[in-house]
1. For segment 33-49, how many residues meet the condition of being hydrophobic (A, V, I, L, M, F, W, C) and at pLDDT 85 or above?
2. Can we say LEU350 is surrounded by 18 or more Cβ atoms within 10 Å (Cβ to Cβ), in contact with a Pro (Cβ under 6 Å, 6 or more places away or on another chain) and either under 14 Å from ALA284 (Cα atoms) or in the same structural domain as TYR296 (by TED's automatic domain parsing) (or both)?
3. How many residues are more than 18 Å from GLY33 (Cβ to Cβ) and either in contact with a Leu (Cβ under 7 Å, 6 or more places away or on another chain) or of a type in the set (A, V, I, L, M, F, W, C) (or both) when one looks only at segment 59-93?
4. Consider segment 61-91. How many of its residues are modelled with pLDDT of 95 or more and polar (S, T, N, Q)?
5. Scanning for something exposed (fewer than 12 other Cβ atoms within 10 Å of the Cβ), aromatic (Phe, Trp, Tyr) and touching a strand residue (DSSP E or B) at 6+ places or on another chain (Cβ under 8 Å), does segment 192-208 turn up at least one residue?
6. Which is more than 27 Å from PRO150 (Cα to Cα), more than 15 Å from the chain's Cα centre (by Cα) and either outside the structural domain of LYS151 (by TED's automatic domain parsing) or surrounded by fewer than 17 Cβ atoms within 10 Å (Cβ to Cβ) (or both), of VAL11, VAL93?
7. With closer than 27 Å to ASP180 by Cβ and either modelled with pLDDT of 90 or more or not charged (D, E, K, R) (or both) as the only criterion, which of THR245, THR237, THR229 stands out?
Amino acid sequence: MNKARKILVNVCRVIFAMTLIFSGYVKAIDPLGTQYKIQDYLSAAGIGNILPDWIVLAFSIGLAALEFSLGVFVLLAIRRRQSSKVACCLMTVMTLITIWIAIADPVKDCGCFGDAIVLSNTQTLVKNIILLGCAWMLVLYPTECMRILPKKAQWIIINITVIFILLSSIWSLYYLPPIDFRPYHIGANIKKGMEIPEGAEMPQFETTFIMEKDGQRKEFSLENYPDSTWTFIDSKTIQTKEGYTPPIHDFSIEDRKTGVNITSQVLNDKGFTFLLISPHLEKADDSNFGEIDQIYEFAQEQGCKMYCLTASGDQAIQRWIDMTGAEYPFCNTDEITLKTIIRSNPGLVLIKDATIIGKWSHNDLPNQDEIKKIIKEN
């Protein structure tokens, strides 16, 4: 009996630890993505504008560090009693949150594994219930976890683990995530990412019309739409069936001055095109604008196009122009799309024939020699 219990506890320990290590690491190397997901939860709860961005970002880094470190501590049986109690508390809170998510469905993707693995809200709840069960086993029988390291060496591993995961987040913030799980990774073709395979199941929608006649209101569908004696009041459309959604489904570029959609023009260009990405120019870091202007001048010399894609309004764009002397054209693109393309504000993307061949943070912009080398290789 004791042997079977010991095996069960250690199986739970490995499952719990490996899940938290993976979950914590993918969050840690994409702290901005974690921040965006937490802000989605806060907005769904009606408190999205209460906390400033830096607090949410700090919380996202702290959460990732907690998950990763706790996973390492449980795996190596470091501070077994304390680690198991913290693990149980963490999973209790997470399970309660996912119960709310599964019922209310405020966000489609929980974000527990970042962009690496996307789970539905129901799948997330099942996962957390299993992990909560594993955590309870660790709380009930902490000494059954086989100790791997001597007690004196545990503090060394604790310090190394915490420092490593915090430095991973800081590195990813300053540069870019070392592993890109998003559909706009280097080597991805944007046009192919937007394609829908032949025969793929399409989403289905149902539209209901609210009509009024003689003071009485009724709802009608397209099949039983009434005659002209009824007055139209409102309509609502709901999705009745999920369908295939391409990895890239919201990429669109609109010229700011003319209002013309130039998405096809940009993606069908056989040459090299630089895209300066800034979801919000009013929040963009302007410390490296001189290097950005040099890249634009170099692009002109080489016959390459360069556009600034932003979701900001005219006032913010004009302020950026006045501040940096920018001469490159500005285009409008969806904010969420821009945040997905690159985790930097601003960030630089180089594409050729719709394929992404380079991505840089504003802290690590390429010089002319680097760009020439990339162009030569491609």
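1. Residues flagged as hydrophobic (A, V, I, L, M, F, W, C) and at pLDDT 85 or above within segment 33-49 amount to 2.
2. no
3. Total meeting the criteria: 19.
4. 1
5. Within segment 192-208, one or more residues are exposed (fewer than 12 other Cβ atoms within 10 Å of the Cβ), aromatic (Phe, Trp, Tyr) and touching a strand residue (DSSP E or B) at 6+ places or on another chain (Cβ under 8 Å).
6. Sole residue among the options that is more than 27 Å from PRO150 (Cα to Cα), more than 15 Å from the chain's Cα centre (by Cα) and either outside the structural domain of LYS151 (by TED's automatic domain parsing) or surrounded by fewer than 17 Cβ atoms within 10 Å (Cβ to Cβ) (or both): VAL93.
7. That would be THR245, the only listed residue that is closer than 27 Å to ASP180 by Cβ and either modelled with pLDDT of 90 or more or not charged (D, E, K, R) (or both).
Yes/no matrix, rows are residues, columns are (1) basic (Lys, Arg); (2) over 18 Å from the mean Cα position of the chain (by Cα); (3) outside the structural domain of ILE156 (by TED's automatic domain parsing):
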| site | (1), (2), (3) |
| --- | --- |
| LYS6 | yes, yes, no |
| MET18 | no, yes, no |
| TYR36 | no, no, no |
| TYR41 | no, no, no |
| ALA58 | no, no, no |
| GLN82 | no, yes, no |
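The values are calculated or read from the model by the stated rules, or taken from the named source; none is laboratory data. None of these values were measured; they are calculated from a predicted model. FYI the Cβ positions are ideal-geometry reconstructions off the backbone, even for glycines, and counts take in every protein chain you see.
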